[in-house]
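Report on the structure given below.
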Amino acid sequence: MESSQAVEERVHERIARLERVFDRITSCHVTIEAPHRHHQNGRIYEVKVDLRVPGAELVTKQEGSNDHAHEDVYVALRDAFDAAERRLEDFAHRHNGH
């Protein structure tokens, strides 16, 4: 999809939130795609969050092919980042020996 300042700002906000969960993130790559245009509905956004932390890569991909809520890019972003946050929390707990 084409770049949008508002979407970029939301991505940066969510990355900052991930950094509060685990402050040793070395990189974060976010991909937003709108690959399908359905005749009766809009585009279904797919969001991939690729986090790199010391000793691991945590990849979360929200494929919204059947979820029409993902016609809204902000809903697709929320769902992908929520899933990434859960994975990062699990990693942080294991990393800290809990």
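Couple of notes before you dig in:
- Verdict on residue 47 being under 16 Å from residue 14 (Cα atoms), of a type in the set (A, V, I, L, M) and surrounded by fewer than 16 Cβ atoms within 10 Å (Cβ to Cβ): no
- Residues located in the stretch 68-96, provided they are among the acidic types (Asp, Glu) and in contact with a strand residue (DSSP E or B) (Cβ under 7 Å, 6 or more places away or on another chain): 71, 79
- Cross-chain or 6+ apart pairs with Cβ under 8 Å, the stretch 13-25 first and in a helix (DSSP H, G or I), then among the small types (Gly, Ala, Ser): 18/84; 21/92
- When the stretch 62-90 is filtered for residues that are within 14 Å of residue 31 (Cα to Cα) and surrounded by 15 or more Cβ atoms within 10 Å (Cβ to Cβ), the ones remaining, listed by number, are 62, 63, 64, 73, 76, 77, 78, 79, 80, 81, 84.
Bear in mind these aren't lab numbers, they're just calculated from the coordinates by the rules spelled out. The structure presented is a predicted model; accordingly, all values stated were derived computationally and were not measured. Glycine gets a Cβ as well: all are built from the backbone with ideal geometry, and neighbour counts include every protein chain shown.
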